[in-house]
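Below is one structure; the comments refer to it alone.
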Amino acid sequence: MSNILDSIREQYEKNKAGQSSFDNTPDFSKYFAARLEEGEESGEQTIRMMPTADGSSPFEEGHWHSIQVGGKWRKLYCAKHNDGGECPLCEIEAELKATGSEEDKKISKQFKAKKFYIVRLIDRDNEGDGVKFWRFPHNWKGEGAIDKMIPIFTKKGDVTHPREGRDMVIILGRDDRKFTKITSIMSEDVSILTEDTTKAKAWMADKTTWKDIYKAQPTEYLQIIANGDTPVYDKGLQKFVAKGDDGEAVATYSKPTPTPKVETVVTSNSEASTTDNEDELPF
């Protein structure tokens, strides 16, 4: 009986607080962004890229659609490119291309999924946040962040190595439109990832992936955008519906799509040693 009462209390408090069953709130402490604060014209950030468990490239690839939703630019997860699933936005792109119209072909470009790179790293200015993820776009001109880091790997070797790797310094400035831009990326001298055994074991044991951080939106949400409407969450229906011209919610997509479930990986530090003995480090 006590378990039932606990469940009822939890449900009551949740509804009282006005929470919905859909929660896609990101954990901003796990995001790394190369950016300047307001008023800054230049600056730098130091990172340490984490090694991969299987020795593969630390630059993972993902695809997102960049589309305005409710007047704001949003990056929308592409299930087709990332998971081999269905993506309403990719379907719209294909349909527009298939008409043979040059105008439709131009419009289709706004629905095209764009390639991004994602790396796992430690933000040296915020080590308490643990492993973070940095997502940055592929630059077809060869002027992107990855194009500035590849020469470092070529000249310095594996900078992700926990004992013989290197920190990297991202030098930031402003472009003509006053947006933050990466002017260069430099490597520091060889150094150990950390001499703190507690941090070392927590960081190396962290199994969080970029898909846990950059969560997919429900298919119904993307379908509404593909229909040219703005999605809003209806608590009563417990799904996304289209926002009408008068601001009222008007359901336009009824296919039941479960909210993506993301497993939270909790790293235990209970076995981490408090000694400074380098031999106790997990690498």
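The values are calculated or read from the model by the stated rules, or taken from the named source; none is laboratory data. Predicted model, so just to flag it, every value in this text is computed and none were measured. Note that each Cβ is placed from the backbone with ideal geometry, even for glycine, and that neighbours are counted across all protein chains shown. Accessible surface areas use protein heavy atoms only, side chains included; no ligands, DNA or RNA. Shrake-Rupley method; radii C 1.70, N 1.55, O 1.52, S 1.80 Å.
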Karplus-derived HN-Hα couplings along segment 116-125 (A = 6.51, B = -1.76, C = 1.60, θ = phi - 60°), whole Hz, x at Gly and Pro
10, 10, 10, 10, 8, 7, 10, 7, 4, 7
Per residue, how much accessible surface does segment 28-87 expose to a 1.4 Å probe? Answer in Å², no decimals.
59 Å²
Go through ILE170, ILE150, ILE213 and list them by solvent-accessible area, largest first, probe radius 1.4 Å.
ILE150, ILE213, ILE170
Note down the accessible area of SER191, probe 1.4 Å, to the nearest 10 Å².
40 Å²
For LYS97, what accessible area in Å² do you get when you roll a 1.4 Å probe over the heavy atoms of the protein chains, rounding to the nearest 10?
110 Å²
With a 1.4 Å probe and all protein chains kept in place, how much accessible area does THR230 have, in Å² rounded to the nearest 10?
50 Å²
For HIS161, HIS65, what's the largest-to-smallest order of accessible area, 1.4 Å probe?
HIS161, HIS65
Any of LYS30/LYS178; LYS211/LYS239; LYS106/LYS132 with alpha carbons more than 29 Å apart? Name them for me.
LYS106/LYS132
Can you tell which of HIS81, PHE111, VAL131 lies farthest toward the positive end of the dipole of segment 65-135, using +1 and -1 charges on the Cβ of basic and acidic side chains (Lys, Arg; Asp, Glu)?
VAL131
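Please list, by residue number, every one of the trypsin sites (Lys or Arg not before Pro) in segment 156-213 that is coil in DSSP and has at most 16 other beta-carbon atoms within 10 Å.
ARG163, ARG177, LYS178, LYS207
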So, counting K/R as plus one and D/E as minus one, what does the shell of residues with Cβ under 13 Å around ILE150 add up to?
0
Applying the Karplus parametrisation 6.51 cos²θ - 1.76 cosθ + 1.60 with θ = phi - 60° to the phi angles of segment 49-60, what ³J(HN,Hα) value in whole Hz is obtained for each residue in order, glycine and proline being reported as x?
6, 7, x, 8, 5, 10, x, 7, 4, x, 8, 7
